[in-house]
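Report on one structure; see the data block that follows.
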Amino acid sequence: MVAICKRYVDLGVAQADFSAVKRLAADETSKARGHDYITTVADADERRVLFVTEGRGLETIQAFAADFTAHGGNPEAVASISIDMSPAFIKGVTKHLPNAQITFDKFHVIAHASTAVDKTRRIEQRTDPSLKGLRWKLLKDRADGRRRPAPTSMR
């Protein structure tokens, strides 16, 4: 069964045409416990996966740019890419997708903001005890009044 799936994936990838792709989204995920990562790059407009590889960072963006070119894409024509705040991703995009405007994905921006709010609240709480318990009021969804868990801190 795996061999059949691999054959059809290989056939589909061989026919892929990336010439019209202008907006990308890239993210990494852990494939197992530990620090083994897989990076996925997708067409943000068509919502289709273009490239998957092991690892994360500069080398994965470099490998994507080579594969993108091999399938008719022009790395210089990529207008934007959404990535996490990894310095390696930023360096890879700057080097291999030179005209792409970088947008940081929402999860990482919210995680940073939440961490900053919590740090500030903890510092201020030392001088003003009335701020105790404010964390949940700051994090609740104002639309429906329910509490939302804080995003987990950055990796």
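Observations, loosely collected:
- The condition (being over 30 Å from Trp136 (Cβ atoms), surrounded by fewer than 16 Cβ atoms within 10 Å (Cβ to Cβ) and of a type in the set (Asp, Glu)) is satisfied by just one residue among Asp67, Asp105, Asp45: Asp45.
- Residue check, Leu11 in contact (Cβ under 8 Å) with a residue 12 or more places away in the chain and not in a loop (DSSP other than H, G, I, E, B): no
- Filter result (charged (D, E, K, R) and either farther than 15 Å from Arg23 by Cβ or assigned to a loop (DSSP other than H, G, I, E, B) (or both)) within region 49-105: Glu54, Arg56, Glu59, Asp67, Asp84, Lys91, Lys95, Asp105
- Every condition in (1) modelled with pLDDT under 80; (2) under 23 Å from Met85 (Cα atoms); (3) among the hydrophobic types (A, V, I, L, M, F, W, C) is met by Val117 except one, and the failing one is (1).
The values are calculated or read from the model by the stated rules, or taken from the named source; none is laboratory data. Source: prediction; values computed, not measured. Using ideal geometry, Cβ is built from the backbone for each residue, glycine included, and neighbour counts are taken over all protein chains shown.
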